[in-house]
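The values are calculated or read from the model by the stated rules, or taken from the named source; none is laboratory data. Note that the structure is a prediction, hence the values are computed from the model and not measured. Note that each Cβ is placed from the backbone with ideal geometry, even for glycine, and that neighbours are counted across all protein chains shown.
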Amino acid sequence: MTTTPSVACSGISHYFGSGETRKQILFSCDVTVGTGEVVVMTGPSGSGKSTLLTLIGGLRSIQEGSLRVLGTEMRDLSPAGLIEARRQVGFIFQAHNLFDSLSARENVQMGLDLKDMTPRQRRERADEMLQAVGLGERITYRPGALSGGQRQRVAIARALAPRPRIVLADEPTAALDGETGRKVVGLFQQMAADGCTIFLVTHDKRVLDASDRIVHMLDGRIASDVRPRRALQLAEFLSKVPAFSTLTPAALSEVSEQLREQRVGAGATVVREGEAGDAFYLIGEGSVAVTIKEREVATLATGQFFGEAALLKGEPRNATVTSRESTLLYVLDKAHFDRALERSGDMRKQLLEVLFQRQ
Amino acid sequence: MSSRGRVPLAWRNVTYNPRKFLLSVGGVTFAVLLMFTEVGFLNGILDGQVVLLGKLRADLVLVSASKANMFVAEPFPRERLWSAAADPSVESVSPVYVAMNVPWKHPGRRALRFLRLVAFDPDDRAFADPEVDGRREALKQRDTVLFDRRAAAYFGRPVDGVETELGSRRVRVAGTFDSGVDLPSRGTAITSDRTFLRLVQPGAVEPELKRVEIGLVHLRPGADAGAAVKALRAALPGDVTVLTFHDFLARERGYFLKNTPIGLMFALGVLMGAVVAGFICYQILYADVLDNLGQYATLKAMGYATWAIGLVVLQQALYLGLLGFLAGATGSGLLYRGLSMSTGFRIHLTAGRAGAVLALTLMACAVAALLAAKKPLAADPADAF
């Protein structure tokens, strides 16, 4: 999971034109993306997703709000600073924009020429990237001698060769067949694992499957921001909670969206014996110790849960829960918990049974 | 930012399409040829003026004060030259006589042609050109002439020993020299003052050459030319002008430039050539830049500065200019040789003239680059997304 945000937008608004024809494109967008996340941007054309990406890439100046990219506030950058900031970003345009006069290798090297590398390093890196996108045999070909898909892969190699810390891509797999498409998606995942944050505008199912987040935009606003894999994982965890076992998948995913992330350090007390219960906890990562009257009775780990008894019975906490290590908790507030329970008919009885078994 | 090992984008853009490359360089080459032709003609005319005069040997020169141009006769009294000889810094003086439009008969045919006849005393060392200086003994014989090898073909290309008629006399060619055609005359013969006298004053009882066209003054070794000019100017009446040999040649060379619109006409021609070069260059660059607008926007998105993109276009322009110049200069070299051989005009490709054409070509191309680069400089990388 993520620690430092790679991109943090808050209250970003943007306008095109001026005076009478001034048109607002973005409306106070907030989104924070962690290092190494693969974010898919969806939404109809004109929804503002491209505009948001051009702001992140330093291609436009910030008008309203704050945008921190790799720790730098983009609003404060001079035009020269913006140009400098772009060098950390790899752009993959839908039009491949390759120079017809340059070979595949030279096109890729154009991106490397801004780097402090020896000519030999540049050539080797270019060849390495072309091999990675499956064009090892076409290194000396000019774009005119390449197919559309091959040109797209050259453009991808060009964007990724300088090892950017952020990649912004517009339909990067549109012209690719099954195998090369998978190869490119694999490349994105590998880059993400190495700490590169990737934004993709795409409708390609293969890319959606590989993404960490899907940000959907509508009319200049962020309409939804979901983490499909996390949502799936949480729904799975929740389905194992007896109280929720009768919930439909749709209801489960709804509940999972109500969960709030909370990270606690080692030794932190999450729940104290005797206090009033106000939340239900699901362990996303790490482990906790359960202590009753200063006697440790159990250890709970990833996928397990605690805190439901106090909510169900309306009694104070019957145990103290302390984290054993740095632990990620998903927290469901009492109000949301109760609402979920209402949808699951006979659960009260079942839960009480479970509680009985546990004791 | 060193360019070592970086992708030679400008060069690739210029050369990658062989057909386009040849056409573009060919276009600029044509414009360069145009400029060289104009420059060559002008200089051929100007240089032609002093080819013969440059063969004279002198430190100072006396000419008539009312003389504007060497080849329009305007002689001065010979006494002036003798007065100059009295100056202590002067070692010797040699009068040179010139007659225009002397009829010459083609040795093989009967056709009459008119040439310029230059005469000197064969006892004087009036010529520095060894071909003339070495033939002084031969010229001492009556009715001998030296003939210009480069004179127009219609004089009949006389060689040693050929006899023909010059003016009213039968003369023998005693040697040749290498001068060439100039605007006023298409051929020159050199003879002794005695033969000259018989030609221009036939039948005179006591012929004497009283009027001199060019007075050559040789100074004593170590004498200061500037001081001598001043002294002679002060000593001689106002009907003669005293010049150093260098100034004399410069004045003659500049005559047409100063006194006729010829300079302006050719300068305009050269300028037109430069405009054509710039226009061709602009057309090529503009088409290329339009093809690559998206690519330049992408370069900006990658973090290339705007000036770096302008530099690519400028480099392309300079490559075109340079290649066009090289091809054009080579072509002009051949053209000049051909023209020199067929017309007798001496047209030289000197470093200074080539440099001037190069500078003009590159300037025209640079201006074209500035105009053509407007679009890519303004290309917005945000629009590429």
Elements of type helices (runs of 4 or more DSSP H) contained in the range B:251-308, each with 1 or more residues being more than 14 Å from every other protein chain (Cβ to nearest Cβ) and without any contact (Cβ under 8 Å) to a residue 24 or more places away in the chain: B:255-259, B:262-291
Could you list all residues from the range A:55-94 that are facing another protein chain (nearest Cβ under 9 Å), of a type outside the set (D, E, K, R) and in contact (Cβ under 8 Å) with a residue 60 or more places away in the chain? A:Gly57, A:Gln88, A:Val89, A:Gly90, A:Phe91, A:Phe93, A:Gln94
The range A:110-127, subset touching a residue at least 24 places away in the same chain (Cβ under 8 Å) and facing chain B (nearest Cβ under 8 Å), residue surrounded by the most Cβ atoms within 10 Å (Cβ to Cβ): A:Gly111
Within the range A:186-207, tally of residues that are within 15 Å of the chain's Cα centre (by Cα) and either among the aliphatic types (A, V, I, L, M) or within 12 Å of chain B (Cβ to nearest Cβ) (or both): 8
Quick check: anything in the range A:38-50 in contact with a helix residue (DSSP H, G or I) (Cβ under 9 Å, 6 or more places away or on another chain), at the interface with chain B (Cβ under 8 Å from one of its Cβ atoms) and crowded, with 23+ Cβ neighbours inside 10 Å? no
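How many of the residues making up the range B:328-385 are part of a loop (DSSP other than H, G, I, E, B), within 14 Å of another protein chain (Cβ to nearest Cβ) and not hydrophobic (A, V, I, L, M, F, W, C)?
Number satisfying all stated conditions: 1.
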Give A:Leu160, A:Leu130, A:Leu176 a once-over and let me know the one that is under 24 Å from A:Leu53 (Cβ atoms), of a type in the set (A, V, I, L, M), out of contact with any strand residue (DSSP E or B) (no Cβ under 6 Å at 6 or more places or on another chain) and more than 10 Å from chain B (Cβ to nearest Cβ). A:Leu176
Positions within the range A:95-106 being more than 8 Å from chain B (Cβ to nearest Cβ) and within 30 Å of the chain's Cα centre (by Cα), in sequence order: A:His96
Evaluate the following for B:Leu46: is it under 27 Å from B:Gly355 (Cα atoms), of a type outside the set (Asp, Glu) and in contact with a Lys or Arg (Cβ under 9 Å, 6 or more places away or on another chain)? yes
Applying the selection to the range B:271-285, what residues are within 13 Å of B:Ala359 (Cα to Cα) and surrounded by 19 or more Cβ atoms within 10 Å (Cβ to Cβ)? B:Gly273, B:Ala274, B:Ala277, B:Gly278
If A:Gly345 passes every condition in (1) at pLDDT below 85; (2) over 15 Å from A:Leu252 (Cα atoms); (3) among the small types (Gly, Ala, Ser) but one, which one does it miss? (2)
Please list, ordered by first then second residue, the pairs with beta carbon atoms under 8 Å, 6 or more apart or interchain, first in the range A:19-47 and aromatic (Phe, Trp, Tyr), second surrounded by fewer than 21 Cβ atoms within 10 Å (Cβ to Cβ). A:Phe27/A:Ser13; A:Phe27/A:Asp219; A:Phe27/A:Arg221
Kindly evaluate A:Arg151 against the criterion of being within 14 Å of chain B (Cβ to nearest Cβ), closer than 23 Å to B:Ala301 by Cβ and not polar (S, T, N, Q). yes
Looking at B:Leu112, B:Leu46, B:Leu42, B:Leu33, can you tell me which residue is among the aliphatic types (A, V, I, L, M) and modelled with pLDDT of 90 or more? B:Leu33
